[in-house]
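Remarks on the structure that follows.
The values are calculated or read from the model by the stated rules, or taken from the named source; none is laboratory data. Because the structure is predicted, anything quoted here is derived from the model rather than measured. Every residue, glycine as well, gets a Cβ built from its backbone with ideal geometry; the counts of neighbours run over all protein chains shown. Side chains are part of the model used for accessible areas, which takes the heavy atoms of the whole protein and leaves out ligands, DNA and RNA. Shrake-Rupley method; radii C 1.70, N 1.55, O 1.52, S 1.80 Å.
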Amino acid sequence: MSETLTPPATPTTTPPPAPASTPGRNWLKIVATAVFLVVLLLLPVIVGNGGVAYLKLAQYILIGAVGGIGLTLLVGQAGQLSLAHPFFLLVGAVGYAVLAGDPEESDDLVGLGLPPLVAVIGAIVLCGLVGLAFAPVAGRLRGIYLGVASLSLVFLGLWLGQSLDMFSGGTSSGRNAPVFALFGFEFANSTPAPTIAGVAIQKQQRLWYLFLAFALMSYFLARGAVNSRIGRSWRAVRDNEAAATSMGVHVTRVKAGAFVISSAFAGLAGVMTALWLDLVKPDENEFTGTYSLTVAIAFLAVVIIGGLGSVPGAVVGATLVFGLQQFFLLGSQQFGWFADAQFGGFSAVVVSAFVYGSAIVLVILFEPGGMAAIGRRLLGRRRSPDVPSTDDGGRTTPREDRS
Amino acid sequence: MIAARRAGRSALIAGALASSLLLAACGSTADTAGGTEGAGGVITDKGVTDTTITLGIMGDTSGVFKNLGAGLNAGNQLWADDVNAAGGICGRQVEIEVVDHGYKADVAKTLYPQLEPNVLGMVQLLGSPVLAALEPNLIEDDMLAAPASWSSEVLDNPGIMMIGTTYDLEVVNGLAYLQQQGLIADGDTIGHIYIDGEYGGNGLKGSQYYAEQHGLTINEAKVTSTDNDLTGIVTGMRGAGVKAIVLTTTPGQTASALAANQALGLNVPVLGNNPTFDPALLDTPAASALGNLYVSASNAPFSSPNPKAVEVTTEFKAAYPDAPRNAGITTGYTEGLVWQNVLEAACEAGDLSRAGVKTALTTLTSVDTEGLVDVLDYSSPGAPPTRGVYIAQVDGSVEGGLREVAPLFTSPEAESYVAPFQES
């Protein structure tokens with residue numbers, strides 16, 4: 001049985017019930033999506049050269065979105081809890097720096113000098129492979145057991161980052177992130193700079209478009225996976241492993257595969273982190289820093305707030321978790337909020353921690369489907385939770401699967 | 001129907017992409033560069049108007065260094081107030097714009113572009129992770145910054161204006177002091193507990209150098225900044241027969257190490273770098289064990305009898321009666337004083353642009369801060385501007401918790417030490 005490579009029988013005897021949609025609603029969605037995309041594309045123009053800080057913030061949200069999408073596939077779709085995301089972020093960042101690094105830069109650092117695009121792909125593949133190496137664990141454990149086991153990777157990353165300083169640059173000052181370039185076009189400042197509507201397209205604007213391309217690619221790949229056979233096998237494994245096996249799903253392989261794919265997404269987010277910080281530097285401790293436990297929890301919060309398993313939800317979650325604190329900080333600077341926080345009291349950091357902490361509590365209490373469920377309701381596509389959907393083995397849990 | 005919807009969406013995406021490309025093709029302009037001439041015939045670019053000079057602080061008032069950070073900010077502001085009361089610099093008033101990054105590099109990275117266009121330079125940039133992340137920006141923007149982080153590893157960047165000496169030299173001088181006092185001798189074994197990273201690694205360089213000179217054996221123990229119980233390590237050091245322990249740690253870890261030092265009956269002198277001590281430790285159960293701690297720092301302690309230090313702390317107590325009293329206040333004030341020297345030199349040269357300020361720094365060979373730190377020499381890039389330190393011992397009965405036990409001095413070992421990026 002387990003030897004078979006036959007794809008799982010797809011029980012799509014009837015097409016899924018057409019969403020309770022009127023043509024008007026569909027158009028509304030299409031127009032809204034288009035407007036949203038145009039806003040994203042024109043964001044550098046909207047914020048102008050004076051608002052680079054907000055652009056930097058938006059880039060940061062995209063990093064969270066790419067990583068969050070990867071994690072929501074794993075946690076929400078395949079039902080495997082993982083806290084190892086920061087480790088794969090670190091592998092992606094270091095992998096990119098090593099593959100694209102200038103071999104002449106320093107005698108102490110390994111750099112292969114590959115073209116940046118090749119290095120990005122290489123870093124993603126590397127993360128996938130590292131994820132695969134964890135597959136014997138990922139394939140056998142589930143739930144909280146896997147969560148705790150995966151946590152060990154964060155500690156492993158801390159130790160490796162500190163020990164292998166020919167790759168990571170060491171905790172002292174790290175190493176520079178190689179500048180991204182595509183066919184000779186560098187994602188760095190240049191003179192003269194091209195302009196859009198009078199706004200100079202310099203390094204940060206260019207990075208924004210690069211990140212946007214990465215994020216859109218991740219988004220559509222993830223949507224594709226969720227809506228395809230892969231997604232169905234994930235959900236089958238999540239809901240009932242025995243039932244999935246009886247339908248011909250190779251449970252261990254599917255679980256390992258989900259881990260690999262999620263790791264690859266995290267790897268891309270790691271590359272983006274390196275480009276965003278202009279720096280690859282392992283953390284000094286396991287609790288705070290770019291690849292720390294705090295980040296593991298932040299990604300989990302992204303997934304929970306967004307709605308487990310929902311790809312658009314992960315994007316909304318990333319906006320809240322990754323964007324909010326920095327937005328408060330920028331606002332407090334620009335508009336003088338929390339000005340009296342010099343010696344203790346409410347600062348932007350504290351307030352944003354409250355907001356995102358309470359967002360999690362509120363979501364869990366009142367809308368376990370997260371932002372995705374709220375969005376679905378707003379768009380009038382809410383399916384009755386009691387109606388078993390046709391494609392996932394008659395599960396009666398609401399929501400999330402294919403949005 | 002779904003296919004049709006997809007097609008429609010793809011068309012819209014394609015359309016949006018095309019329109020943005022069209023906009024992109026609209027034009028190409030060169031960025032304007034170079035300064036303009038302002039009041040008094042002085043060249044200016046960013047952060048300077050005819051009436052004000054704006055400097056930035058990227059500090060920490062909500063993260064792990066919030067006590068020190070608040071003290072530093074207050075010290076910077078006291079300096080600015082003093083300067084403005086005395087008529088300003090170059091006919092302009094000094095203004096300080098503060099942002100709080102909470103000791104997080106990612107937050108700092110977002111906040112930096114908001115602050116950067118408004119300021120001439122950074123009067124204070126706190127935190128080594130933050131400094132590492134912002135280094136490319138500082139170089140790109142030709143910005144001069146005084147770090148509140150004293151590693152000699154950052155001196156490869158000519159935009160870093162080190163105020164005082166570096167961690168490695170603090171340790172070299174501190175060990176020399178212990179030896180002068182007869183507390184350690186050639187051939188002894190000493191322990192060094194350090195946080196892995198820029199701070200601890202740099203401190204360790206100092207004890208390694210001193211050990212080479214005097215045939216000491218170092219018992220090294222690497223910790224992360226969140227390890228809070230050092231009892232096991234100190235026990236191991238007792239077993240190794242250490243005659244002294246060097247700490248390059250957080251204040252919490254200092255308390256743990258000293259408590260263990262006393263509880264185990266080891267009672268050896270403990271030498272700490274500047275950031276190892278926080279007066280708040282005197283309110284903890286470890287207070288009675290802290291007397292063995294000697295702190296080596298380039299700035300005068302809060303209770304220093306130095307007249308300038310007394311003037312600053314008196315001013316501070318009047319302005320912020322309820323704020324914690326720590327070494328950050330005098331350090332912050334000193335950062336301001338050095339900036340004052342730089343700005344005055346730049347003004348004299350008629351160039352208050354960013355490039356002009358950086359050039360002015362290299363002309364300074366003896367910045368006098370009236371003894372708050374040793375005389376500073378910025379003429380050789382890559383070398384620490386001074387090598388002198390104060391040694392203070394913990395004493396709960398004085399303000400700020402540290403009593404000065406040795407005035408400013410530079411040991412011969414510190415004179416001969418070659419910093420990582422020092423030329424010659």
Under 18 Å from B:K104, Cα to Cα: lysines that are on another chain or at least 8 residues apart
A:K56, A:K281, B:K66
Under a point spin-label approximation (7 Å from Cα along Cα-to-Cβ), what is the A:V355-B:A318 distance to one decimal in nm?
4.1 nm
Can you give the convex hull volume of the alpha carbon atoms of chain B per residue, in Å³?
192 Å³
What number, rounded to the nearest 500 deg cm²/dmol, is the helix-based mean residue ellipticity at 222 nm of chain A, given -39500 (n - 2.57) per DSSP H run of at least four residues and division by all its residues?
-20000 deg cm²/dmol
May I ask you to evaluate 6.51 cos²θ - 1.76 cosθ + 1.60, the Karplus curve with θ = phi - 60°, for each residue of region B:236-242 and list the ³J(HN,Hα) values in order in whole Hz, giving x for glycine and proline?
x, 5, 5, x, 7, x, 6
Which Rg and Dmax, in Å, describe the Cα atoms of region B:168-297?
13.0, 38
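Could you order A:M247, B:M161, A:M371 by accessible surface area, starting with the largest, using a probe radius of 1.4 Å?
A:M247, A:M371, B:M161
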Using the Kirkwood radius over Cα pairs, work out the Stokes-Einstein diffusion coefficient for chain A at 10 °C and 1.306 mPa s, in µm²/s as a whole number.
71 µm²/s
Sort largest first and round to whole Å: the equivalent ellipsoid semi-axes of the protein assembly as shown, each the square root of five times a Cα gyration tensor eigenvalue.
51, 33, 23
Quick calc, B:E311 & A:F287: beta-carbon distance into FRET formula, R0 45 Å, rounding 0.05, result 0.65
If the viscosity is 0.692 mPa s and the temperature 37 °C, what translational diffusion coefficient in µm²/s does Stokes-Einstein give for region B:31-100 when Rh comes from Kirkwood over Cα pairs?
242 µm²/s
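Based on the alpha carbons, how large is the Rg to Rh ratio for region B:227-381 when Rh follows Kirkwood?
1.11
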Protein accessible area in chain A, 1.4 Å probe - carbon and sulfur %:
70 percent
For the Cα atoms of chain B, what angle does the longest principal axis make with the long axis of helix B:128-140, in degrees from 0 to 90, nearest 10?
40 degrees
Can you tell me which of A:K281, A:K255, A:K203 moves the most in a GNM of chain A? Springs connect C-alpha atoms under 10 Å apart.
A:K203
Using a Cα-Cα cut-off of under 16 Å, which lysines could be cross-linked to A:K255, ignoring same-chain neighbours fewer than 8 residues away?
none
Using a basic spin-label model with each label point 7 Å from the Cα along Cα→Cβ, how many nm lie between B:N84 and A:W159?
5.4 nm
Measure nothing but the geometry: give the 0 to 90° angle between the long axis through the Cα atoms of B:251-263 and the longest principal axis through the Cα atoms of chain B, rounded to 10°.
10 degrees
Rounded to the nearest 100 Å², what is the buried accessible area between B and A, both sides summed, probe 1.4 Å?
4500 Å²
Residue by residue through region A:56-73, which ³J(HN,Hα) values in whole Hz follow from phi under the Karplus form 6.51 cos²θ - 1.76 cosθ + 1.60 (θ = phi - 60°), with glycine and proline marked x?
4, 4, 5, 4, 5, 4, 5, 4, x, 5, 4, x, x, 4, x, 6, 5, 5
Count the net charge of all other residues whose Cβ sits under 13 Å from the Cβ of B:V295, scoring Lys and Arg as +1 and Asp and Glu as -1.
-3
So for A:C127, B:C347, what's the accessible-area order with a 1.4 Å probe, most first?
B:C347, A:C127
Of the convex hull enclosing the alpha-carbon atoms of region A:75-181, the direction-averaged projected area in nm² is 7.2 nm²
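With N residues in region B:29-145, what two-decimal value do you get for its Cα radius of gyration over 2.2 N^0.38 Å?
Working: Rg = 15.0 Å, N = 117, 2.2 N^0.38 = 13.4 Å.
For region B:29-145, the normalised Cα radius of gyration comes out at 1.12.
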Looking at the protein assembly as shown, what % of its DSSP beta bridges pair antiparallel, to the nearest 5?
40 percent
Considering only protein heavy atoms, what per residue accessible area in square angstrom results for the protein assembly as shown with a 1.4 angstrom probe?
39 Å²
Just to confirm a number: summing +1 for Lys and Arg and -1 for Asp and Glu over residues other than B:G159 whose beta-carbon lies under 13 angstrom from that of B:G159, what do you get?
-4
Simple spin-label estimate for B:D156 and B:D229 in nanometres, 7 Å along Cα-Cβ
4.0 nm
Karplus (6.51, -1.76, 1.60) ³J(HN,Hα), θ = phi - 60°, over region A:314-320, in Hz, Gly and Pro reported as x
4, 5, 5, x, 5, 4, 5
Amide H within-cut-off set for B:A148, under 5 Å, with H built and near neighbours excluded:
B:L125, B:L126, B:G127
Over chain A, with a Gaussian network built from C-alpha contacts below 10 Å, which listed residue (A:G51, A:G111, A:G64) shows the highest mean-square fluctuation?
A:G51
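Go ahead and estimate [θ] at 222 nm for chain B from helices alone: -39,500 (n - 2.57) per DSSP H run with n ≥ 4, summed, over the residue count, rounded to 500.
Rounded to the nearest 500, the figure is -13000 deg cm²/dmol.
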Percent of Cα-Cα pairs per 10 Å bin, from 0 to the last occupied bin, for region A:196-268, please list those.
17, 35, 21, 14, 9, 4, 0
Please compute the length gained on full extension between B:T51 and B:Q93, using 0.36 nm multiplied by the number of residues separating them and subtracting their Cα-Cα distance.
14.5 nm
To the nearest 10 degrees, how steep is helix A:203-227 against the longest Cα principal axis of chain A, on a 0 to 90 scale?
10 degrees
Plugging the Cβ-Cβ distance of B:A240 and A:L112 into 1/(1 + (r/R0)^6) at R0 = 35 Å yields, to the nearest 0.05, a FRET efficiency of 0.25
Heavy-atom accessible area with a 1.4 angstrom probe orders B:T254, B:T51, A:T319, most exposed first, as B:T51, A:T319, B:T254
FRET efficiency (A:R229, A:F183; Cβ distance; R0 30 Å; to 0.05) is 0.25
